[in-house]
Structures are given as structure tokens and as C-alpha cells.
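J.: I have a structure I would like to understand better, so I am pasting it below and will then ask my questions one at a time.
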Amino acid sequence: MPTPSTTASRRGFVLVVLAALCWGTSGFSGSIVARNSDLGPLDIAWHRMAIGAVALLAAWSVTRRRSAPAPALGRGTVVRLVLVGAGLAAYQLAYFAAVATAGVSIATLVALGLAPLLIAVGAALLGHGRPDPATVVALAAALVGLVLLVGVSAGADTGTTVVLGALMAVGSALGYAVVTLAGGGVPAGVPVTLVGFAGGALLLTPVALVEGLRFTTDPVALGVLLYLGVVPSAVAYAMFFTGLRTVPGAVASIVTLLEPLTATALATLLLGEQLAPLAAAGGLLVLAAVAGLYLHRLRRPATAAV
């Protein structure tokens with residue numbers, strides 16, 4: 001019979017999977033906004049975080065228990081919340097800059113491929129232990145699958161442009177690693193997603209204003225921006241941070257490689273893009289790695305998340 005901790009671990013794993021699937025719709029949605037407006041990557045990122053913050057504030061105002069005591073915010077929790085907000089802003093800004101500089105393929109490979117390694121190293125340095133052999137094998141398989149799935153864009157620029165774009169993607173991976181490691185330790189009852197999105201939006205605002213923040217009145221673009229801010233942002237990150245309470249960061253980072261797989265599936269089904277055999281094999285490898293991790297966690301006692 002499953003113990004409460006095992007059940008919580010399973011639930012957390014499923015929440016991280018659902019978050020990754022939601023994130024996989026972001027690129028497709030962003031392309032619709034770009035086609036129907038003159039918004040650039042920074043504009044879309046700012047709208048996404050601002051709308052997400054408003055949606056989370058509304059949800060928190062409705063659902064919070066007014067009779068419940070406010071959770072204690074120790075110094076460590078405050079530091080974690082600041083890191084989550086800064087990490088979210090850095091992740092969004094650096095990733096979109098990497099896409100604009102070096103292309104989607106290189107940005108995705110570097111940012112998503114490097115993040116699990118940084119999280120595993122960070123967890124070890126913070127004293128949370130090293131990943132077990134099953135997690136290491138799943139990580140290796142998932143990274144190989146990611147390379148096969150995304151590939152390297154044949155039309156990407158070469159030379160300095162690619163180097164700069166890759167460095168920006170490294171910054172994005174660092175931001176994501178900080179969000180994952182810091183967010184996993186925030187106590188239950190603290191609205192980490194709300195604070196993270198509000199803080200991230202505030203940090204992005206000066207940059208967006210300097211660059212000339214643009215808005216749109218196109219109904220299609222507005223509708224998709226609303227979706228971006230609510231589903232793959234507010235809802236997905238709320239599920240992700242909840243899942244991180246019972247799922248180690250290194251495991252969660254591997255599961256979130258379902259994001260590019262979802263994006264590829266959407267492009268194939270809705271945009272008619274052709275999926276090469278190697279890309280299909282890579283997608284299956286990512287799925288196998290995630291499924292293997294889930295089965296592995298079913299067979300072992302729940303462990304503390306990092």
C-alpha cells in the first residue's frame with residue numbers, strides 16, 4: 001500500500017510533467033503573437049510575466065484562507081524568493097535573446113541541455129547529495145534524445161553570433177537552475193509563484209522600457225498573450241513549484257525536457273512540419289527517460305526534494 005510520502009512524490013512527478021507539457025505550447029503561441037502584431041521577444045516575455053503575475057494575484061486573493069495564519073518568512077525563505085524572481089527574469093530575457101541571436105535550435109540545446117547538469121552540480125554543492133545511478137542514466141538518455149530531437153539549425157549564423165547566442169543560452173540555463181534549486185526549498189503556504197512572477201516582471205520592466213516596450217490591440221494577439229500569461233506561465237509554474245516540494249530538482253529538470261518534445265509535436269500536427277526519423281527517435285528517447293524515472297521512483301521510497 002502506498003505511503004503518504006510516496007503518493008505525494010507521485011503527485012509531484014505528475015505535476016512537473018503537466019507543467020512541461022504546458023511550457024511546450026509557449027513557442028507555438030509566441031509565434032502566433034509575433035505573426036499578428038509587431039511585438040518582439042522582449043515584449044512578449046514582459047507581457048507573459050506581467051499577465052501571469054496578475055492572474056496569480058487574483059487566484060491567490062480568491063483562494064487564500066483568511067483565517068489561516070500568514071506563513072513565517074525567515075531570512076532563508078526571503079532569499080529564495082528573491083532568487084526565484086531574479087532567476088525567472090534572467091531565464092526569460094536570456095533565452096529570448098539567445099533565440100534572436102543564434103536561433104531556436106542552438107538556444108534550446110544549450111539552455112535545456114545544460115540546465116539539468118547545472119542543477120545536479122548545484123544540488124551536490126549545496127549538500128543535497130549526488131543523483132543516483134538511475135537519474136544519471138536518464139539524464140544521459142534525455143540529453144541524447146534532446147540533441148536528436150532539436151538538432152542544429154542548418155540556417156543558423158556562424159562565428160561570433162553563435163558564440164554570443166550560446167553564452168546567452170548559458171545565462172538562461174543558469175537562471176533556470178537558480179529557479180529550480182531555490183524554488184524547491186520554499187515552504188508550503190508561501191505564494192512562491194506569485195512572488196516570483198511579480199518580482200520577475202518588475203525586474204524586466206526597466207529593460208523593456210529602455211528597449212521601447214510595445215503593446216498591441218490585435219484581438220488574436222491579445223487572446224494568445226492572455227493564454228501565455230495564464231496557462232504556460234501562472235498555471236504551469238504553480239504546478240512546477242508544487243511538484244518541486246517532493247521531486248528533486250535534478251529529476252524535475254530531466255522531466256521538463258518534455259517541453260521541446262511537446263513543441264515539436266505541435267509543429268508537426270498543427271503546422272504540417274515534417275519530423276525526421278532521427279528527431280522521432282530522439283523524442284521517443286526523451287519519453288523513455290521520463291517514463292524510466294517515473295517507474296524508478298515508484299519502486300523506491302520518496303526522497304526529499306532539493
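Every number here is computed from the coordinates shown, using simple stated rules; none is lab data. Predicted model only: the values in this text are computed from it and were never measured. Cβ placement follows ideal geometry from the backbone for every residue including glycine, while neighbour counts extend to all protein chains displayed.
J.: If neighbour count is taken as other Cβ atoms inside 10 Å, put PHE215, PHE241 in order from fewest to most.
T.: Final ranking by Cβ density, sparse to dense: PHE215, PHE241.
J.: So, one more: Based on other C-beta atoms within 10 Å, arrange GLU211, GLU259 from fewest to most.
T.: GLU211, GLU259
J.: OK, next. Once the cut-off is 19 Å, how many percent of the Cα-Cα pairs in segment 78-131 end up in the long-distance tail?
T.: When every Cα pair of segment 78-131 is considered, 43 percent fall beyond 19 Å.
J.: Which residue fluctuates most in the GNM of the chain (Cα springs below 10 Å): PRO187, PRO41, PRO116?
T.: PRO187
J.: Give the order of ARG80, ARG10, ARG35 when sorted by the count of other beta carbons within 10 angstrom, beginning with the fewest.
T.: Final ranking by Cβ density, sparse to dense: ARG35, ARG10, ARG80.
J.: I need the phi-derived Karplus couplings for segment 226-240: 6.51 cos²θ - 1.76 cosθ + 1.60, θ = phi - 60°, integer Hz, Gly and Pro marked x.
T.: 4, 4, 4, x, 8, 7, x, 10, 4, 5, 5, 5, 4, 5, 5
J.: Per residue of segment 190-201, what does 6.51 cos²θ - 1.76 cosθ + 1.60 with θ = phi - 60° give for ³J(HN,Hα)? Whole Hz please, x for Gly and Pro, Karplus curve as stated.
T.: 8, x, 4, 5, 4, 4, x, 5, 5, x, x, 5
J.: Which of the peptides 220-233, 168-181 is most tightly packed, and how do the rest follow, judged by the mean count of other Cβ atoms within 10 Å per residue?
T.: Packing order, densest peptide first, comes out as 168-181, 220-233.
J.: Okay, helix-only estimate at 222 nm for the chain: each DSSP H run of n ≥ 4 adds -39500 (n - 2.57), divide by all residues, round to 500 deg cm²/dmol; what do you get?
T.: Dividing the helical sum by the residues of the chain leaves -25000 deg cm²/dmol.
J.: Taking θ = phi - 60°, what integer Hz values does the Karplus form 6.51 cos²θ - 1.76 cosθ + 1.60 yield along segment 291-296, in sequence order, with x for Gly and Pro?
T.: The phi angles translate into 4, x, 4, 4, 5, 4 Hz.
J.: Tell me, what does the Kirkwood hydrodynamic radius of the chain come to in angstroms if you use every pair of distinct C-alpha atoms?
T.: 19.7
J.: In a GNM of the chain with a 10 Å cut-off on Cα contacts, which of VAL255, VAL16, VAL62 has the highest mean-square fluctuation?
T.: Maximum among the listed residues: VAL62.
J.: Would you work out the Kirkwood radius for segment 122-257? I mean one over the mean of 1/r across all pairs of different Cα atoms, in Å.
T.: 17.9
J.: Once label points are set 7 Å from the Cα along Cα→Cβ at both LEU278 and ASP38, what is their separation, rounded to one decimal in nm?
T.: Inter-label distance under the simple model: 4.1 nm.
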